[in-house]
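Have a look at the structure below before the remarks.
The values are calculated or read from the model by the stated rules, or taken from the named source; none is laboratory data. Note that the coordinates shown come from a computational prediction; the quantities given were computed from them, not determined experimentally. Neighbour counts are summed over all protein chains in view; Cβ atoms, including those assigned to glycine, are modelled from backbone coordinates with ideal geometry. The protein model used for the area step is the full one, side chains on, heavy atoms only, and it has no ligands, DNA or RNA in it. Shrake-Rupley method; radii C 1.70, N 1.55, O 1.52, S 1.80 Å.
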Amino acid sequence: MATPASVHAHAPQGFIRKYIFSLDHKVIGIQYFFLALTAVFVGMFLSLLMRIHLIWPTASLPLVGTIQPETYLSLLTMHGTIMVFFVLTTAPQGGFGNYFLPIQIGAPDMAFPVLNMLSFWTTFVGFVVIICAFFVTGGAPLHGWTGYTPLSALPSAGPGEQLGADLWITSIAIFCIASLMGALNFLTTTLDMRAKGMTMMRMPLTCWSWFITAILGLLAFGVLLSAGILLLMDRNLGTSFYVPLVVVNGQVMGHKGGSPLLWQHLFWFFGHPEVYIAILPGMGVTSQILSTFSRKPIFGYRAMVYAMLSIGFFGFMVWGHHMFMSGMSPYSAFAFSILTMCIGVPSAIKTFNWLGTMYKGRIRFSTPMLFAIGFVSLFVSGGLSGPFLAQPVLDIQLHDTYFVVGHFHLIMGVAAIFGIFAATYYWFPKMFGRMMNESWGKLHFFLTLAGTYAIFMPMHYLGMAGQTRRYSQFTEVAYQTKLLPLQTFMTYAAFITIAAQFIFVINLFWSMFKGPKASDNPWESTTLEWTTATPPPHDNFGGVTPVVHHGPYEYGVPGAAKDYVMQTDPTTSTAH
């Protein structure tokens, strides 16, 4: 068994050791959460500037001035990068995973507490570095969040491609190192530190999702780190990994023999598993919440576990579907297309199992439940456009249009965000000892759900009409100008949706200090975090190691005293 050096019986004294450079996984989880909360507001502000520019291209904004086309591309690049890395990867895994994985498996801390602290502060440094890209000469890079070469490999390729691009690559490399440290910690903790009786098949589905996400992170981030180092070498040391013999502005560049497609392969070999790194923890949280608030055992627990494992496995085999436009062999494209369709099967199994869990349940429509149902809705809506893009013959028409933007924002962006919201409303009482306001939570849910559909559904129609993505304005192309009313509608929807997020922030901070006191198990859940005090003590269980006798979703048990059986209840209760 891994014995953490600092499963310290006594809590550390002093502000810095307790709250800044803490070794306690709970404090580190909260640090990750607030880092992601900061990042999401930065990313949201950038998207707001983009939407304003799309419908009022000549508007002069306070502090920002007039947004130039190249500035728009910088906003696009930084919005995508910050949201994908510092929000969708950081909050579900780093935030909630760090806080609740040890408690849910009955461990006193993560396996390597010092490594855990280092992984957070490394992530923080990565965030600071990427923000610095806005303030250096030339500004932030404009090569898109995918950083396609040779545009990203040549400092002379455009404004923002000098120091800003170096900082962008460096930030992602730092983030990769942090994620690798985190992944090792998650894997060791899950395999080595489970409480007595906590077999793998008794773990909550949240723990399975964090475990599988850690496997994906361990395999994917190393590839991106290597790719980023090679890109930095091409830019600064004169190597030619990605740059062929090219002429830029009449100048022959001093490179030859590199392959721009090599970057695409390395990036997307990371990039597609990254989609599942963002969404899998949301799937786990949704399973947990749907079972709890339907007062029914999860429908097909083992099927859910194997579906997540299948998604993780197939996630590494489909990266080529991002590259149908790259001139790949039709045989390769056919193989990637078939494998992409295969990954829809475990996703469909999960969806039907979620519906099966709710079917004939005694559903309690609390805020966490609403967000979990919203997650399923967005996952299905965003997922349905996936099979279209999996066909090379359709993808070639749709690839550079808003259809793709609508697809991945629904399934990867907003669905994962709904998972984060569901987790926040669900676990807030355990983390902070107080309840969030239900009425404001429900208002936040309905405004956000309606708003996100109003923003991202029309993108599919725009894509089918041929509206090109990455264009900073549509006033120059006659057929695209006719689509501007829909862009205007989406921008107004974005204003309302962004405004609604302030309801959440006010609710979060108000409830932290003024919310009604929470009991130890306000939702009548069965998993281990609800057996301990609120908030949990330093070693999670106050010196008592829990012993597990039951599965994680024993709801509606016939003959039981209550309608649920805790995992630690003695086995005299009738097991389900």
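Please list log₁₀ I(q)/I(0) at q = 0.11, 0.13, 0.23 Å⁻¹ for segment 506-576, using the Debye equation with identical point scatterers on the alpha-carbon positions.
Relative scattering, expressed as log10 I(q)/I(0), comes to -0.35, -0.48, -1.01.
Please compute the contact order of segment 16-217 in relative form: average sequence separation of alpha-carbon pairs under 8 Å and at least six residues apart, divided by the residue count, as a percent.
Values: 282 pairs, mean separation 50.7, N = 202.
Relative CO of segment 16-217 lands at 25 percent.
How large is log10 I(q)/I(0) at q = 0.13, 0.17 Å⁻¹ when the Debye formula is applied to the Cα atoms of segment 127-263, each weighted equally and without solvent?
-0.65, -0.89
Would you mind checking the tilt of helix 260-294 against the longest principal axis of the Cα atoms of the chain, expressed as 0 to 90 degrees and rounded to 10?
It is inclined by approximately 30 degrees.
Using the alpha-carbon atoms, what tilt in degrees (0 to 90, nearest 10) does helix 330-358 show relative to the longest principal axis of the chain?
Roughly 30 degrees, rounded to the nearest 10.
Convex hull over the alpha-carbon atoms of segment 451-572: what's its volume per residue in Å³?
Hull volume normalised by residue count: 210 Å³.
So how do 396-408, 138-150 stack up, highest first, on mean other-Cβ count within 10 Å?
The most tightly packed comes first, giving 138-150, 396-408.
Segment 282-386: percent of C-alpha pairs farther apart than 23 Å? Walk me through the numbers before you get to the answer.
On the way: 1955 of 5460 pairs.
Percent of Cα pairs beyond 23 Å in segment 282-386: 36.
List, in order, the whole-Hz ³J(HN,Hα) value for each residue of segment 432-444 obtained from phi through the Karplus relation with A = 6.51, B = -1.76, C = 1.60 and θ = phi - 60°; use x for Gly and Pro.
With the stated coefficients, segment 432-444 comes to 10, x, 9, 8, 7, 6, 5, 5, 5, x, 5, 4, 4 Hz.
Once the Cβ-Cβ distance between M233 and C342 is put in as r, and R0 is 56 Å, what FRET efficiency do you end up with, to the nearest 0.05?
Taking R0 as 56 Å, the efficiency between M233 and C342 is 0.95.
What residues qualify as long-range amide H neighbours of T401, i.e. H under 5 Å apart, gap of 5 or more or another chain, H built at 1.01 Å from N?
Here the answer is R469, since their amide H atoms fall under 5 Å of that of T401.
Would you calculate a helix-derived [θ] at 222 nm for the chain, using -39,500 (n - 2.57) for each DSSP H run of n ≥ 4 and dividing by the full residue count, to the nearest 500?
Counting only the DSSP helices, I get -19500 deg cm²/dmol.
Work from the charge dipole of the chain (Cβ charges, +1 for Lys and Arg, -1 for Asp and Glu, about the Cα centre) and give the residue of F495, G43, F513 farthest towards its positive end.
With unit charges placed on the Cβ atoms, the residue in question is F513.
Give the residues of segment 94-118 whose amide nitrogen is closer than 18 Å to a point set 7 Å from the Cα of M512 in the direction of its Cβ.
94-100, by backbone N distance to the label point.
In square angstrom, rounded to the nearest 10, how much accessible surface does R470 have for a 1.4 Å probe?
About 110 Å², ignoring ligands and nucleic acids.
Would you mind giving the average projected area, over all directions, of the Cα convex hull of segment 16-217 in nm² with one decimal?
With the hull built on Cα positions only, its mean projection is 12.6 nm².
Counting only Cα atoms, I'd like the Rg/Rh figure for segment 82-193, Kirkwood definition for Rh.
Over the Cα atoms of segment 82-193, Rg/Rh equals 1.11.
Per residue, how much accessible surface does the chain expose to a 1.4 Å probe? Answer in Å², no decimals.
Accessible surface, normalised per residue, equals 38 Å².
Tilt of helix 367-384 relative to the longest C-alpha principal axis of the chain, in degrees (0 to 90, nearest 10)?
Tilt relative to the chain: about 40 degrees.
Over all distinct alpha-carbon pairs, what is the Kirkwood Rh of segment 275-514 in angstrom?
With all distinct Cα pairs of segment 275-514 included, I get 19.3 Å.
Using just the alpha carbons, could you tell me how many Å³ per residue the convex hull of segment 476-544 encloses? Write out the running numbers ahead of the final one.
Details: hull volume 13.2 nm³, N = 69.
Spread over its residues, the Cα hull of segment 476-544 gives 191 Å³ apiece.
Out of the total accessible area of segment 525-576 (probe 1.4 Å, heavy atoms of protein only), what percent is carbon and sulfur?
57
Could you work out how far the C-alpha centroid of segment 26-83 sits from that of segment 473-516, in angstrom?
12
For a bin width of 10 Å, list the pair-distance distribution of the chain built from all Cα-Cα distances, rounded to whole %.
The distribution over the chain is 3, 17, 28, 27, 16, 7, 2, 0, 0, given as percents.
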